[in-house]
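Trainee: Let me begin by handing over the structure; questions about it come next.
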Amino acid sequence: MAEEKNVWEMTQNRLDKTMRILELKPGIIKYLREPRKVLEVAVTVKMDNKDIDIFKGCRVQHNTNRGPAKGGIRYHQDVNVDEVKALAMLMTWKCSLAGIPFGGAKGGIAVDPTKLSLRELENLTRRYTYEILTMIGPEKDIPAPDVGTNAQVMAWIMDTYSIAKGHMVPGVVTGKPIPLGGSQGREEATSRGAVYTILSALKVLDINASNLTCAVQGFGNVGGYAAKILFDLGFKIVALSDIGGAVYNKKGIDPYKVAEHLKEKGTVAGYSGAESLDPKEFFSVKCDIMVPAALENVITAKNAAGIKARILAEGANAPTTPEADEILNDNKIFVIPDILCNSGGVTVSYFEWVQGNDAYFWSKRKVNLQLREIMEKAFYETYDYSQKNKLDMRNAAMALAVLRVAEAMRLRGVYP
Ligand code: NAD
């Protein structure tokens, strides 16, 4: 992955560009460029070898003007405060664009979770929760899974928080296991939402959906389900990749079989139903729809010109650098930007929060129908704004999202 750019700087620069388009006042610009709260913590963990280890972690709230802060927790060896600040800011725009009543937050720990035993992972999670306890809560900041975390991690966070409060507080996290108040459809929600935006894009671009080919980078929560949902809808998956390598088959790949291979081997690489592909060549694969669903900054000035897809659907957060964005625009590639494309996860997290607050749980059918409604509304609002104001989809999405946050700020005023 990774280019020369600091992802925080890149995210701030993207906001600056939006501010120039919207001509907002300098004070508002200053306000929205910085996070509201940043808490850095040293997470002390009892390891299996009876020694202790220390991992750097943080929780960042970017903005709470439209509601409680909302955002995932990432466990990855490259996590740093700047990256988390960028991802928290993206959450503010994402919730705003989806029209759900949350602000933006993110958290993370610099750790490779695959190197920890289950007990170490639990110790790490519980200690981290303790360290950020004052910051989170169902009415103020609600974590969720992100790269390297899952429903079990959310269950440990919920349990630790609940012990501290003296009663069960399911609303402190979303993405929980179903028996603890998780929502039907949450696990695949980001991918399902992304697919709804792809289907909407095909409609506005007047592209017939039959016989279209797709390439998906990343085969974790987002990429894995995206590949399966697209496959189930009749799209042909021609390339898949993960951290272990990439595979290609122009006749099509069955992602369910790849998932079985992954279970056994720990990577998509080596799957026998496809040939191996150099990961560096991944983005130049010939396909109609390209779905980056791994990490940020993977589409850069170096590889953007090679992208042949008609639609780039950003399942991952911030996968495209601004330089690459310009190349994609010049090449008339229709980009469904991250804050629109991958907002299905936070949308169903919102449903989970609503269901938990009501203590009344919806069917999967209802979750998916409501998700479709919100994703399509957000897509068409963005598309209409882009057409009306002659902006590309990323700038239109950013402009709409920022306008709504600025309006909430104006209405609330500044205390004192
Ligand atoms: P995950 O940990 O489940 O999966 C990540 C995948 O990316 C894995 O298959 C991993 O092997 C692969 N990967 C890592 N480095 C890679 C590399 N250099 N090249 C190719 N593949 C690589 O994470 P996830 O939850 O699927 O999240 C993926 C992206 O989607 C992240 O940017 C995340 O912030 C974003 N996102 C996730 C959600 C969600 O609900 N999980 C919601 C919105 C956005």
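Trainee: Among the residues of the stretch 270-280, is there at least one that is away from the ligand (no atom under 14 Å from the Cβ) and within 20 Å of the chain's Cα centre (by Cα)?
Mentor: No, there is no match, as no residue in the stretch 270-280 is away from the ligand (no atom under 14 Å from the Cβ) and within 20 Å of the chain's Cα centre (by Cα).
Trainee: Given the conditions (1) away from the ligand (no atom under 15 Å from the Cβ); (2) outside any helix (DSSP H, G or I); (3) in contact with a Ser or Thr (Cβ under 9 Å, 6 or more places away or on another chain); (4) modelled with pLDDT of 95 or more, and given that Met168 satisfies all but one, which numbered condition is not satisfied?
Mentor: Single failed check for Met168: (4).
Trainee: Further, regarding this structure: Going residue by residue through the stretch 126-136, is there one that turns out to be more than 16 Å from the ligand (Cβ to nearest atom), of a type in the set (S, T, N, Q) and open to solvent by 20 Å² or more (accessible area, probe 1.4 Å)?
Mentor: Within the stretch 126-136 (the criterion being more than 16 Å from the ligand (Cβ to nearest atom), of a type in the set (S, T, N, Q) and open to solvent by 20 Å² or more (accessible area, probe 1.4 Å)), the answer is yes, since at least one residue qualifies.
Trainee: If you don't mind, there's one more thing I want to ask. Every residue in the stretch 229-257 that is away from the ligand (no atom under 11 Å from the Cβ), in contact with a helix residue (DSSP H, G or I) (Cβ under 9 Å, 6 or more places away or on another chain) and open to solvent by less than 50 Å² (accessible area, probe 1.4 Å), please.
Mentor: Correct list: Ile229, Leu230, Phe235, Ile237, Ala239, Val247, Gly252, Ile253, Asp254, Pro255.
Trainee: Somewhere in the stretch 210-218, is a residue more than 11 Å from the ligand (Cβ to nearest atom), in a helix (DSSP H, G or I), of a type in the set (Gly, Ala, Ser) and crowded, with 22+ Cβ neighbours inside 10 Å?
Mentor: No.
Trainee: Now for a different question. If a residue counts only when it is more than 12 Å from the ligand (Cβ to nearest atom) and either open to solvent by less than 60 Å² (accessible area, probe 1.4 Å) or in the same structural domain as Leu97 (by TED's automatic domain parsing) (or both), which helices (runs of 4 or more DSSP H) contained entirely in the stretch 288-391 have at least 1 such residues?
Mentor: 322-330, 344-358, 364-388
Trainee: Further question on the same structure: Look through Tyr225, Tyr196 and report the one residue that is surrounded by 21 or more Cβ atoms within 10 Å (Cβ to Cβ), within 11 Å of the ligand (Cβ to nearest atom) and not polar (S, T, N, Q).
Mentor: From the options Tyr225, Tyr196, the qualifying one is Tyr225.
Trainee: Given the criteria polar (S, T, N, Q) and within 13 Å of the ligand (Cβ to nearest atom), does Gln61 qualify?
Mentor: In short, no.
Trainee: Does Val405 satisfy the criteria of being open to solvent by less than 70 Å² (accessible area, probe 1.4 Å), touching a strand residue (DSSP E or B) at 6+ places or on another chain (Cβ under 9 Å), at negative phi and of a type in the set (Val, Ile, Thr)?
Mentor: Here the answer is yes, as Val405 does meet what is asked.
Trainee: Further question on the same structure: Determine which single condition Lys5 fails, assuming it passes every other condition in (1) basic (Lys, Arg); (2) modelled with pLDDT of 95 or more; (3) within 16 Å of the ligand (Cβ to nearest atom).
Mentor: The failed condition is (2).
Trainee: Do we find a residue being free of Cβ contacts under 8 Å to residues at least 24 places away in the same chain and surrounded by fewer than 19 Cβ atoms within 10 Å (Cβ to Cβ) anywhere in the stretch 274-282?
Mentor: Yes, the stretch 274-282 contains at least one residue that is free of Cβ contacts under 8 Å to residues at least 24 places away in the same chain and surrounded by fewer than 19 Cβ atoms within 10 Å (Cβ to Cβ).
To keep it simple, each residue is scored yes or no on (1) among the aromatic types (Phe, Trp, Tyr); (2) out of contact with any Lys or Arg (no Cβ under 9 Å at 6 or more places or on another chain); (3) on the phi > 0 side of the Ramachandran plot; (4) not assigned by TED's automatic domain parsing to the domain that holds Glu122.
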| position | (1), (2), (3), (4) |
| --- | --- |
| Thr11 | no, no, no, yes |
| Arg20 | no, yes, no, yes |
| Tyr31 | yes, yes, no, yes |
| Asp51 | no, yes, no, no |
| Ile54 | no, yes, no, no |
| Leu87 | no, no, no, no |
| Cys95 | no, no, no, no |
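Trainee: Are any residues in the stretch 171-185 buried (at least 24 other Cβ atoms within 10 Å of the Cβ) and touching a Ser or Thr at 6+ places or on another chain (Cβ under 7 Å), and if so, which ones?
Mentor: Thr174, Gly175, listed by residue number.
Trainee: Now, a different point. Kindly indicate whether any position in the stretch 89-102 is surrounded by 19 or more Cβ atoms within 10 Å (Cβ to Cβ) and more than 30 Å from Glu373 (Cα to Cα).
Mentor: No - not one qualifying residue is present in the stretch 89-102.
Trainee: Mind checking which residues of the stretch 233-256 are part of a strand (DSSP E or B), within 17 Å of Thr267 (Cβ to Cβ) and free of Cβ contacts under 8 Å to residues at least 40 places away in the same chain?
Mentor: Ile237, Leu240, Gly245, Ala246, Val247, Tyr248
Trainee: Identify, by number, the condition in (1) under 26 Å from Ile243 (Cβ atoms); (2) open to solvent by 10 Å² or more (accessible area, probe 1.4 Å); (3) part of a helix (DSSP H, G or I) that Val84 doesn't meet.
Mentor: (2)
The values are calculated or read from the model by the stated rules, or taken from the named source; none is laboratory data. Keep in mind it's a predicted model, so treat the numbers as computed, not measured. Note that each Cβ is placed from the backbone with ideal geometry, even for glycine, and that neighbours are counted across all protein chains shown. To get the accessible areas, we keep the full protein, side chains included, count just its heavy atoms, and leave off ligands, DNA and RNA. Shrake-Rupley method; radii C 1.70, N 1.55, O 1.52, S 1.80 Å.
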